[in-house]
Amino acid sequence: MRSTSSVLLFVLTLTSIVALILAFLQNGLKSKHDFNEAMYSKKATIAAVANHLDVEDFSKISEAEVTEIFDKQIKQMVLKSDGTVATPEELQDAGVRGGLAENLDLKKENKKSVEERYLPLYEFTKSDGNKYYIVYARGKGLWDEIWGNIALESDVNTIAGVSFDHKAETPGLGAEIKDNKAWVRQFIGKKLYDNDGTFRAIDVKKGGAKDPYHEVDAISGATITGDGITDMLLEDLVAYEPYLKTIKG
Amino acid sequence: MADTAVVEKNQGIQFGKKERKLLTDPLNDNNPITVQVLGICSALAVTTGMKNATVMAVAVVFVCLFANVITSALRKAIPKQVRMIVQLVIIATLVTVVELVLKAYAFESYKQLSVFIGLIITNCIVMGRLEAFAMANKPYESALDGLGNGIGYGIILLMVAAIREFFGKGEFYGYKIIGPSPEYAINTLESSLFGWYQGNNLMVLFPSAMFVIAVLIWAHRAWNPKLVDVS
C-alpha cells in the first residue's frame, strides 16, 4: 500500500501527460477535421443534384471536384423567413463565419422557431444554364435527428433530387433513407404544390404511394423514420415559401 | 563467447516457443471472441461490412498492443489502489488518439464507426488483457499478448463481416457481386442461373451477428477438440 500523497502525485502526473498529448493532437489535426466536416456537408448538398452534375460517378467524386462545383456552379445565400436575403454583415454579427450558408449551424437554427430561422439556400447552375434551388430540412427520425437537402427545378415546385442523412437510424431499416438509392430516386419529379397552389409537400406513404405527385412508398420496417421525413418536409420547407415566390414571379 | 551468448539469450528480445504461444494462443485455443466470449458487443455492431470491420480490427489491435505495452512498462509504478482507473485512462487516451486520427484521415469510416470507436474503451478484451497479463509481465511479452489478442479479435470480426456482407448485401468489401441490378457482377434480374437468388436482409441486421458468431463458436469447437468441455 502506498501513501495517499504518492498515489495522488502519480495520478496527477499521468493525467497531465495524457491531457498534453491529446491537446497537441487535437490542435494539430483541427484544420483537417474542419476541412473534412465541411467537405462532407458540401458533398451532401450537391448530392441532391447528383444527376445534373458533370461528373460520371457521384460516389467517386473527388474533393477537388466538389470544391470546383462549389466555386463555379453554386451561389449560396442565407434567407430569412420573410423572404429577404440576410446580409453578410448581419450574419457575421450572428456568429456565422464569412456570412456563408455553408457555415450555418443548422442544428442550432432548427431549434429556433420557423420565423427566426436563418435558412440556407444554394442556387445551382447546370452546365446547360438551367437553375436548381437546393433547400434544407431537418427533423426527427426514430432514434435521433434526420435531415436532407432537396433540390427544386427552376419552377420551384418540381423536385429534381434529394439526399437524406441521419444520425442514428437503424442500418437496413431507417438508414435506408440514406443508403437505398432506389428509394431516394422516387422523389424525383414529385411536386411540392398541388394544382390549386396549396403547399402539400411529399408524403412517405405506408402501404404504397397512390398520388403520383405528392406521395412516395415507405420503407418497410421504417415507418417512424418515414413519417419523420413527411413531417420535416411539410414543416421546414414552408419557411422558404416567401422567397421561392419571388423566384416564381 | 559461449557465456555472452547465454547472457544474450536470457536478456535480449527473442522469439522462442513461449513467445510464439503468447502470440498464437489468442488466435485459436484462447480466442477472445469464440472461446472467452469477450468483446461481443462490438462484434455484433460493426460487422455489417468488411470495410468497417477492418477499420475496427486495426483500431483494436492498435489499442490492445499499446495499452498492454504502456501498462506493462508502468506496472511497477502504478499504485495498486487505483490500477483499474489508470488502465482506463491509458485505454481511453489511445482510443481518443484513434478517433482523432480517423477523423482526420479516414472520415467516411469515422462517420460510420464513430460511436463504436469510442466503445473500444469498454471492450472487455483490452481491459481484460491489461489486468490479467500486462500488470504481471514485461513489456515485450505484453506486446506479443496484446498483438495476439487484437488479431484474434480482428480475425473473427472479419469472418463475421464477410458472411454478413455477402449474404446480406451481395457485396464483398464494397464490390457488388450478386444482386438485382446491372451494377452487380451477377445480375439476378437477367441471369438464368441465379435468378432465384435474393439477398437476406436479416444478415444486415444485428440479430444475424448473434447467429453467425454462435455458428462460428460451434464450428471452432468442432474443429479444435481441445476446446470441448468434457465436464
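What follows draws every value from the coordinates through simple rules; no lab data is involved. Everything numeric here is computed off the predicted structure, so don't read it as measured data. In this analysis, Cβ positions are derived from the backbone assuming ideal geometry, glycine residues included, and neighbour counts consider all displayed protein chains.
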Under a Cβ-Cβ cut-off of 13 Å, what is the net charge of the residues other than B:Leu102 that fall near it, where Lys and Arg count +1 and Asp and Glu count -1?
+2
In nm, to one decimal, how far is the modelled label at A:Ile17 from the one at B:Asn30, with both set 7 Å along Cα→Cβ?
2.7
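Could you work out the mean count of beta carbons from other protein chains within 10 Å of each residue's beta carbon in B:75-81?
Numbers: counts 0, 0, 4, 5, 10, 3, 5.
Mean shielding count: 4.
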Give the long-range amide H neighbours of A:Asp203: residues separated by 5 or more places, or on another chain, with amide H under 5 Å away, using H modelled in the peptide plane at 1.01 Å from N.
A:Glu215, A:Val216
Putting +1 on Lys and Arg Cβ atoms and -1 on Asp and Glu Cβ atoms, find which of A:Gly228, B:Met84, B:Phe172 reaches farthest to the positive end of the dipole of the protein assembly as shown.
B:Met84
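What GluC sites (Glu not before Pro) in the stretch B:170-231 are in a loop by DSSP, with at most 14 other Cβ atoms within 10 Å of the Cβ?
Details: sites: B:Glu171, B:Glu183, B:Glu190; in loops: B:Glu183, B:Glu190.
Passing both the DSSP loop test and the Cβ count: B:Glu183, B:Glu190.
About the Cα centre of the stretch A:144-195, what is the dipole size in debye to 20, counting +1 per Lys and Arg Cβ and -1 per Asp and Glu Cβ, all else neutral? Walk me through the numbers before you get to the answer.
Working: 6 positive and 9 negative charges, 37 e Å.
In debye, rounded to 20, the stretch A:144-195 gives about 180.
Sort A:Lys43, B:Lys111 so the one with the fewest other Cβ atoms within 10 Å of its own Cβ comes first. Let's see the in-between values first.
On the way: A:Lys43 18, B:Lys111 14.
Listed from fewest to most nearby Cβ atoms, that is B:Lys111, A:Lys43.
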If you take each beta carbon of peptide B:106-113 and count the beta carbons of other chains within 10 angstrom, what is the mean?
2
Would chain A count as rounded, prolate or oblate if I go by the C-alpha gyration tensor, calling it rounded below 1.5 in a/c and otherwise prolate when a/b exceeds b/c, oblate otherwise?
prolate
Two-site label geometry, B:Phe15 and B:Met210: point separation in nm, points 7 Å out along Cα→Cβ:
4.2
Only Cα pairs within less than 10 Å get springs; with that Gaussian network setup on chain A, which residue of A:Leu173, A:Leu25, A:Leu142 has the largest fluctuation?
A:Leu25
Rounded to one decimal in nm, the spacing of the 7 Å Cα→Cβ label points at A:Lys205 and B:Val228 is 6.1
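What ranking do A:Asp179, A:Asp93 get, fewest neighbouring Cβ atoms within 10 angstrom at the top? Please list the in-between numbers first.
Details: A:Asp179 15, A:Asp93 10.
Taking fewest neighbouring Cβ atoms as first place, the list is A:Asp93, A:Asp179.
Counting pairs of alpha carbon atoms under 8 Å apart in space and at least six apart in sequence, what relative contact order in percent does the stretch A:73-248 give? The partial results should precede the final answer.
Working: 358 pairs, mean separation 34.3, N = 176.
Rounded, it is 19 percent for the stretch A:73-248.
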Once each part is reduced to its C-alpha centroid, what is the distance from the stretch A:93-163 to the stretch A:1-70 in angstrom?
23
Fewest to most neighbouring Cβ within 10 Å: what's the order for A:Thr246, A:Thr45?
A:Thr246, A:Thr45
Helix-only [θ] at 222 nm, chain A, -39500 (n - 2.57) per DSSP H run of 4+, per residue, nearest 500, equals -12500 deg cm²/dmol
